[in-house]
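Shown next, in structure tokens, is the structure this report addresses.
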């Protein structure tokens, strides 16, 4: 299993990272759209759609919405990001209150709607950030760095659980470790870009908010998987589960960062 995970990571990780920064325009939108479409296929399973017809219908619907957004120019506006912000605040409430308010989102319709505000704005956010590659790289490093910091801090000091009814493995120590790694990365970025004190402070605050959002993205998927009684969202990536399992943190972090990034200046 470990060998399979390593080979998959080596095959997909660097290739995806290169394509994110080499492709542009419609090619970039298509590449990211493929990742989002694969995630939509898996999200349908989280929503209770086990039949191929149901999963294909949701995936095709998302593809059609992305195509419409690209052709109309809506994909390059920020209003979908505001929808994402409202949706993620609702997800935060559901994660915190799980399983007490399951009746509010357990219907397939609500979970499919949740998939729209989770996946579509992530695609829009990536398109907007592609216009400033340095910030696209930063948010990717931010989420990955926070995840690594959380892992080691949680392993060392993770006694107090963060959300045991949703994801027993996550701890408050992991969150603090993620935030610590975030601050370090933000300060390095500010130093590299020659930012002043005020700009650096804004960057640190926004980075902390985005890191918290990335944790929520992970917990939200964990909540849905726990409700469905499944371990992985899919099996498209051998040894790693599904595509959604790899980008769940980014689905929340990308749109929130794209929305707040202009405040950095």
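Structure summary
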quantity	calculated
Checklist (1) farther than 24 Å from residue 175 by Cα; (2) assigned to a helix (DSSP H, G or I) applied to residue 187, failing item	(1)
Condition met for residue 57 (more than 21 Å from the chain's Cα centre (by Cα), at pLDDT 95 or above, closer than 18 Å to residue 114 by Cβ and assigned to a helix (DSSP H, G or I))	yes
Any chance residue 65 is farther than 21 Å from residue 166 by Cα, surrounded by fewer than 21 Cβ atoms within 10 Å (Cβ to Cβ) and at pLDDT 95 or above	yes
Residue within region 96-111 that is within 30 Å of residue 186 (Cα to Cα) and at pLDDT 95 or above present	yes
Any hit, region 206-217, residues being buried (at least 20 other Cβ atoms within 10 Å of the Cβ) and in a loop (DSSP other than H, G, I, E, B)	no
Where a residue in region 76-91 is on the phi > 0 side of the Ramachandran plot and part of a helix (DSSP H, G or I) and its partner, wherever it lies, is at pLDDT 95 or above and surrounded by 15 or more Cβ atoms within 10 Å (Cβ to Cβ), with Cβ under 7 Å and at least six apart	none
Residue among 229, 174 that is over 22 Å from residue 126 (Cα atoms) and surrounded by 22 or more Cβ atoms within 10 Å (Cβ to Cβ)	174
Long-range neighbours under 7 Å by Cβ, at least six apart or interchain, first residue touching a residue at least 40 places away in the same chain (Cβ under 8 Å) within region 173-197, second outside any helix (DSSP H, G or I)	175/162
Residue within region 97-111 that is within 16 Å of the chain's Cα centre (by Cα), surrounded by 19 or more Cβ atoms within 10 Å (Cβ to Cβ) and part of a helix (DSSP H, G or I) present	no
Hits in region 151-184 (condition: touching a strand residue (DSSP E or B) at 6+ places or on another chain (Cβ under 7 Å) and in a strand (DSSP E or B))	161, 162, 163, 168, 170, 171
Residue in region 151-163 that is crowded, with 19+ Cβ neighbours inside 10 Å, closer than 30 Å to residue 24 by Cα and modelled with pLDDT of 90 or more present	no
Which numbered condition residue 233 fails, given (1) within 15 Å of the chain's Cα centre (by Cα); (2) within 30 Å of residue 104 (Cβ to Cβ); (3) modelled with pLDDT of 95 or more	(3)
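The values are calculated or read from the model by the stated rules, or taken from the named source; none is laboratory data. On a predicted model such as this, the values are computed, not experimentally measured, just so you know. Because the Cβ atoms are built from the backbone with ideal geometry, glycine has one as well, and the counts that use them run over all protein chains shown.
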